[in-house]
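Colleague: Take this structure, written in structure tokens, and hold onto it; I'll ask about it next.
A short reminder: the numbers here are calculations on the coordinates, not readings from a lab. Just so we're clear, the structure is a prediction, and the values are computed from it rather than from any experiment. Quick reminder, even Gly has a Cβ in these numbers, built from the backbone with ideal geometry, and neighbours come from all protein chains shown.
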Amino acid sequence: MDIEGEYRLSVNRQAVWDALMDEEVLRRCIPGCEELVRLDDDSYRARVRAAIGPVKALFATDLKITNASPPERYRLEGEGKAGAIGFGKGFSDVELVEDNSGTILRYSSQFQVGGRLAQLGSRLVVGATRKIAEDFFDCLAQDIDQNAERVAAGEPVSSEPSAWIWVAVMAIVVIAAVMWLA
């Protein structure tokens, strides 16, 4: 399943990047996040409680930042396991673009589920995962900038992308996706 979105923030790119790399900000914004620990510069471990339809679980999640080009973009790869309930894995590409009035945060994610989660039906899983990702990015954007706005599809945005913010957003999307799958 593909999930993507874009937000316009009135703060500079470095401030957005810093927020994306702040474990406390991420912990607050990830739906169902009970714990988020940075293991080193490019990896995290999280515990996320999530529910999709009748299935509820606690996911043990490992996240790894790859292809980082600070502060323009990165890829966040992750896998969450919830025992017999199943697993979720995927990646998010995050990009920060400088804009005349601030920063554009873009994300694009792909996820897969297996186990009992895969038996729920694609509509339920896709809908729940999309909702979790949107909730995460809405919360993140508002946490960074109370005047943040979601950019409508097709609305033109110019300027250069930022790598570190992209990585942070990717991590958040992966964590959110894993939580939705729980």
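Colleague: Which of L117, L105, L36 comes first, and how do the rest follow, when ranked by fewest Cβ neighbours within 10 Å?
Modeller: L36, L117, L105
Colleague: Where Lys and Arg each count +1 and Asp and Glu each count -1, what net charge lies around G90 among other residues with Cβ under 15 Å from its Cβ?
Modeller: That works out to -1.
Colleague: Could I ask something else about it? Of Y7, Y74, how do they rank once you tally other Cβ atoms within 10 Å and put the fewest first?
Modeller: Sorted ascending by nearby Cβ count, the order is Y7, Y74.
Colleague: Based on the Cβ-Cβ distance of A118 and E149, what FRET efficiency does E = 1/(1 + (r/R0)^6) give at R0 = 35 Å, to the nearest 0.05?
Modeller: Calculated transfer efficiency: 0.50.
Colleague: Okay, moving on. Return the sequence-ordered ³J(HN,Hα) values of region 134-151 in whole Hz as given by the Karplus equation 6.51 cos²θ - 1.76 cosθ + 1.60 applied to θ = phi - 60°, using x for Gly and Pro.
Modeller: Values, residue by residue: 5, 4, 4, 5, 4, 5, 4, 4, 5, 5, 6, 8, 4, 9, 4, 9, 6, 8 Hz.
Colleague: Each residue of region 109-117 in order: what ³J(HN,Hα) in whole Hz does its phi give by Karplus 6.51 cos²θ - 1.76 cosθ + 1.60, θ = phi - 60°, with x for Gly and Pro?
Modeller: 9, 10, 9, 9, 10, x, x, 4, 4
Colleague: Express in nm, to one decimal, how much length is gained between A84 and R49 on full extension, taking 0.36 nm for each residue of separation and deducting their alpha carbon distance.
Modeller: That works out to 11.1 nm of additional length.
Colleague: Go ahead and run the numbers for FRET between E35 and D138, Cβ-Cβ distance against an R0 of 30 Å, rounding to 0.05.
Modeller: The calculated FRET efficiency here is 0.85.
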